Amino acid sequence: MNYNYKTGIFEVKIIACRDLAPVDTRKNFSDPYVKTYLLPDKTKSGKRKTKVKKHTLNPHYDETLKYVISESELQTRTLWISVWHNDAFGHNDFLGEIQLALDDVNFEEFTPEWRALTTRVAGTENTLLYKGDLTLAIMYVPPDAANGSPSRDTYKASSRGRKKKDPPPQGVLHVHLREAKNLIAVRINGYSDPFAKCYLLPNKSKSGKRKTEVLKKNCNPKWDEKFVYEGITIDDLKERALEITLWDRESMTSNDFLGGLRLGVGSGKSYGKDTKWQDSRPEEMAVWQKMLDAPNEWIEANLMLRSHMNGKEAKEPEFI
């Protein structure tokens with residue numbers, strides 16, 4: 001293994017295997033190839049594999065598999081190497097695997113060595129995806145501070161003269177999306193083309209959507225973009241939730257989901273009705289509550305992205 005600090009490329013050199021199990025026991029051979037992932041990423045774009053070597057139990061590959069990844073992200077990953085028999089007419093047969101945590105590997109002193117293959121590690125297929133992190137800030141500006149909104153004192157003084165149907169004074173929710181780190185690379189070139197999208201639930205109409213620009217070939221995008229939601233009361237924010245999702249832009253097909261957050265009170269209810277989207281995690285709830293408790297102050301946070309929204313991977317039904 002080697003890490004090129006100049007190019008940010010992690011290299012895994014697969015040299016050879018020996019004494020593999022024969023799948024064809026009559027002729028005593030297999031058609032083996034090697035496959036790698038950097039767990040917990042098990043997406044199709046995260047897979048690398050060697051060529052198939054025909055009719056051998058001692059294949060020689062001498063192939064280098066490459067990943068474009070930052071050093072800091074690499075230290076959070078586990079290298080999963082598995083060997084398979086290629087079956088052209090059915091399911092490929094598992095021949096063995098190894099897993100190597102990369103958090104404490106000295107690549108400058110790493111030398112090739114034989115490693116014993118093991119049987120399948122329990123739970124490998126169900127590894128939860130780490131989707132990366134999002135840095136953001138939110139702030140609620142109440143009516144007495146929001147531009148163009150009457151102060152609370154003015155509202156009270158004029159309350160006798162207004163009609164009952166007049167709405168109470170309303171404030172503004174400010175959202176600052178700064179950057180994301182360690183996003184999953186969904187493209188074969190080792191990158192994604194990410195953008196972020198926001199809704200203040202339950203409103204998911206077109207007018208309620210806010211989105212950033214697309215930053216191409218970037219798994220650590222820095223947007224530094226701000227959005228506002230006007231006409232919001234503090235009581236509204238106790239019933240609603242800010243949903244932020246990240247996507248890889250696809251020009252010809254549906255956009256790929258990269259991760260998301262949902263900031264709210266996490267009560268499971270909205271305006272007295274049960275709802276699935278009021279499901280904020282403790283760390284998401286904490287950020288939202290700090291904002292409610294401290295109006296006119298930016299509340300900053302760095303949160304780990306969810307791999308799924310509401311138990312199912314989010315769907316992106318539109319093109320941009």
Do you know which residues across segment 5-32 are outside any loop (DSSP other than H, G, I, E, B), modelled with pLDDT of 90 or more, open to solvent by less than 60 Å² (accessible area, probe 1.4 Å) and not β-branched (V, I, T)?
F10, E11, A16, F29, S30, P32
One residue is enough: does segment 103-124 have a residue meeting the conditions surrounded by 13 or more Cβ atoms within 10 Å (Cβ to Cβ), at pLDDT 75 or above and not in a loop (DSSP other than H, G, I, E, B)?
yes
Filter segment 277-299 down to the residues that are crowded, with 16+ Cβ neighbours inside 10 Å, closer than 21 Å to R178 by Cα and acidic (D, E) and list them by number.
E284
Being open to solvent by 80 Å² or more (accessible area, probe 1.4 Å) and out of contact with any Cys (no Cβ under 9 Å at 6 or more places or on another chain) narrows K49, K35 down to just K49
Which one of Y61, Y67 is closer than 21 Å to D19 by Cβ and part of a strand (DSSP E or B)?
Y61
Among the residues of segment 163-189, which ones are at pLDDT 70 or above and open to solvent by 70 Å² or more (accessible area, probe 1.4 Å)?
R178, K181
Looking at this structure, is T43 among the polar types (S, T, N, Q), surrounded by 18 or more Cβ atoms within 10 Å (Cβ to Cβ) and within 30 Å of S307 (Cα to Cα)?
no
Just need a number here: residues in segment 52-102 that are under 26 Å from the mean Cα position of the chain (by Cα), small (G, A, S) and open to solvent by 30 Å² or more (accessible area, probe 1.4 Å).
3
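The values are calculated or read from the model by the stated rules, or taken from the named source; none is laboratory data. Keep in mind that what you see is a predicted model, and the values were worked out from it rather than measured. All Cβ positions, glycine included, derive from the backbone under ideal geometry; neighbour counts span all protein chains shown. With ligands, DNA and RNA removed, areas are computed over all heavy atoms of the protein, side chains included. Shrake-Rupley method; radii C 1.70, N 1.55, O 1.52, S 1.80 Å.
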